[in-house]
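J.: One structure, as C-alpha cells, below. Some questions next.
The values are calculated or read from the model by the stated rules, or taken from the named source; none is laboratory data. Remember, predicted model here, so these are calculated numbers, not experimental data. Glycine gets a Cβ as well: all are built from the backbone with ideal geometry, and neighbour counts include every protein chain shown.
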Amino acid sequence: MEKLIEILESIKPALNFHIIENFIYGGVLDSLEIVLLITKIEEEFGFEFSAENMTAENFFSAQTIWELISTEKSYGKDKS
C-alpha cells in the first residue's frame, strides 16, 4: 500500500492520500491523472488492468485502488 501512496503523491504531492475518500467525484484526480496513475501502477506492479475493472468505483480511494491491484495481481497469477 505504501508504494501506491508514493505513486499517488508523485502525481499530486500536496495531498494526504491516506485520508481522502473520493478521488474521482471529489475532484482530486482528473481523467489525465487517472491515466497516469494506471500507467504507473501497471509499470510498478508488473501487470495490466483488465477492461472490466476500469470503473470509477475502483478508483475512489487508496484502499479501493489497493484492493483492485490485489485482485488484478491474483487474477494474473491464475492465468499463468
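J.: Test each condition in (1) at pLDDT below 95; (2) surrounded by fewer than 16 Cβ atoms within 10 Å (Cβ to Cβ) for Glu9 and report the one that comes out false.
T.: That leaves (1) as the condition not met.
J.: Mind checking whether some residue in the stretch 36-44 is over 18 Å from Ser70 (Cα atoms) and either within 11 Å of the chain's Cα centre (by Cα) or surrounded by fewer than 15 Cβ atoms within 10 Å (Cβ to Cβ) (or both)?
T.: yes
J.: Oh, and also: Select from the stretch 45-70 the residues that are touching a residue at least 24 places away in the same chain (Cβ under 8 Å) and among the β-branched types (Val, Ile, Thr) and write down the one among them that is surrounded by the fewest Cβ atoms within 10 Å (Cβ to Cβ).
T.: Among those that are touching a residue at least 24 places away in the same chain (Cβ under 8 Å) and among the β-branched types (Val, Ile, Thr), it is Ile69.
J.: Do the conditions hold for Ile24, that is, is it of a type in the set (A, V, I, L, M, F, W, C) and either touching a strand residue (DSSP E or B) at 6+ places or on another chain (Cβ under 6 Å) or modelled with pLDDT of 90 or more (or both)?
T.: No.
J.: In addition: Scan the stretch 16-33 for residues that are in a loop (DSSP other than H, G, I, E, B) and either under 18 Å from Ala56 (Cβ atoms) or touching a residue at least 60 places away in the same chain (Cβ under 8 Å) (or both) and jot them down.
T.: Within the stretch 16-33, Phe17, Ile20, Glu21, Asn22, Phe23, Ile24, Tyr25, Gly26, Gly27, Val28, Leu29, Asp30 qualify.
J.: Keeping to the stretch 39-67, report how many residues are closer than 16 Å to Phe17 by Cα and among the β-branched types (Val, Ile, Thr).
T.: Residues in the stretch 39-67 being closer than 16 Å to Phe17 by Cα and among the β-branched types (Val, Ile, Thr): 3 in total.
J.: Separate question: Taking the criterion of being part of a helix (DSSP H, G or I) and aromatic (Phe, Trp, Tyr), would at least one residue in the stretch 34-52 satisfy it?
T.: yes
J.: Taking Ala56, is it hydrophobic (A, V, I, L, M, F, W, C) and more than 17 Å from Ser74 (Cα to Cα)?
T.: It is true that Ala56 is hydrophobic (A, V, I, L, M, F, W, C) and more than 17 Å from Ser74 (Cα to Cα).
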